[in-house]
Amino acid sequence: MILEGLGYALFKGLVEKYMYKLHPFREFYEKCVMKTSFIVYMSTGLLYSVLSFTGVFSTAIYFHLLILKLNLLVAIMASLILALIAFLISLTFVLYYPVYKAKQRGATIDTALLHTMSYMASVAAAGASPESVLEIAAGMEDNKEVSFELKRILADIELLGYDTITALTQASKRTPSKTFSMLMDGLKSTIATRGAVWEYLMFFFERAISERIAYLKQIVSSVAIIAEVYITMMVAFPIIYVIMLSVMTLLGGAIAGLDPMLLIFVFIVVILPAMGCSLLIVLDSILSKV
């Protein structure tokens, strides 16, 4: 809280001055449903970036002068470069963190939306009004993100006095889920044209199932490719690598002046686990969207 207040006091004017350039990031930030305003978030992020710059510069100048014994000018220039890199990395993280969170939230909504649509279609088929369908679905929904989106629509209608079409339009614009946005747009058009809500929901539900099946097939294909890459990188390549360097060791050769046994040791202890971790990260990023 102290850093937020300090950052807001120091960088509020700068953020407001360049707000027009930050508009795309602001849209993603609002879709994340953060507790603080975008100006406070960006001001605090700039403060963290400045602190990163200062910390890296201080550490680097100490290391360059007292440990490496470099020239003062060279030490300052090298430290400034490292500090600038740290500043840019920190600022990039601040800007793109809302993008990541919005996409993550959208994926969560997409995953749970199939169950929600089937339930909404059942309630609408029983003769309930669109507002009642949204209210019942919001009350029965287990997924917090989907329930939150539905409750915001009801809040716009009941508290802010919006009509249903306007509330659905607002919900379509602010949600991070493309599927939910399309669902609200279609529901709005169905209500405006006096169409059967349950027929639209069933149509959209069947279409979503087809798209989900196609997406899962892509996931299976991606996992199969990763399995082939795993066999190549973690089984075949290490065997070939170790055999080649072992033969070089027997023949008394060297690679760039380095002992082949040392390269084998580095490969087994450092490179091979790193490759395995990278494949696990890629696999987890794919399966986490299912």
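General remarks:
- Sequence of Asp185, Asp156, Asp142 once ranked by neighbouring C-beta atoms within 10 Å, starting from the fewest: Asp142, Asp185, Asp156
- Across Lys17/Lys188; Lys35/Lys178; Lys12/Lys103; Lys35/Lys217; Lys12/Lys173, pairs whose alpha-carbon gap is larger than 32 Å: Lys17/Lys188; Lys35/Lys217
- Placing a pseudo-label 7 Å from each Cα along the Cα-to-Cβ vector at Ile239 and Met34 gives an inter-label distance of 5.1 nm.
- Counting neighbouring beta carbons within 10 Å and listing from fewest to most, the residues Ile109, Ile240 come out as Ile240, Ile109.
- Between Ala214 and Val50, the modelled labels are 5.0 nm apart [label points 7 Å from Cα along Cα→Cβ].
- Straight-line reach from Lys101: taking Cα to Cα under 19 Å and skipping same-chain neighbours fewer than 8 places apart, the aspartates and glutamates in range are Glu27, Glu30, Asp110, Glu145, Glu149, Asp284.
- Taking Cα extents along the principal axes in Å as calculated from this structure, the corresponding entry among (i) 52, 51, 35; (ii) 84, 54, 26; (iii) 53, 39, 35 is (ii).
- Rounded to the nearest 20, the Cβ-based charge dipole of region 187-236 about its Cα centre (Lys and Arg +1, Asp and Glu -1) stands at 220 debye.
- Computed [θ] at 222 nm, deg cm²/dmol, the chain (DSSP H ≥ 4; -39,500 (n - 2.57); rounded to nearest 500): -27000 deg cm²/dmol
- Residues Ile76, Ile157, Ile219 arranged by fewest to most Cβ contacts within 10 Å: Ile219, Ile76, Ile157
No lab work stands behind these numbers, since they all come straight from the coordinates. Everything quoted here is computed from the prediction, not taken from an experiment. Every residue, glycine as well, gets a Cβ built from its backbone with ideal geometry; the counts of neighbours run over all protein chains shown.
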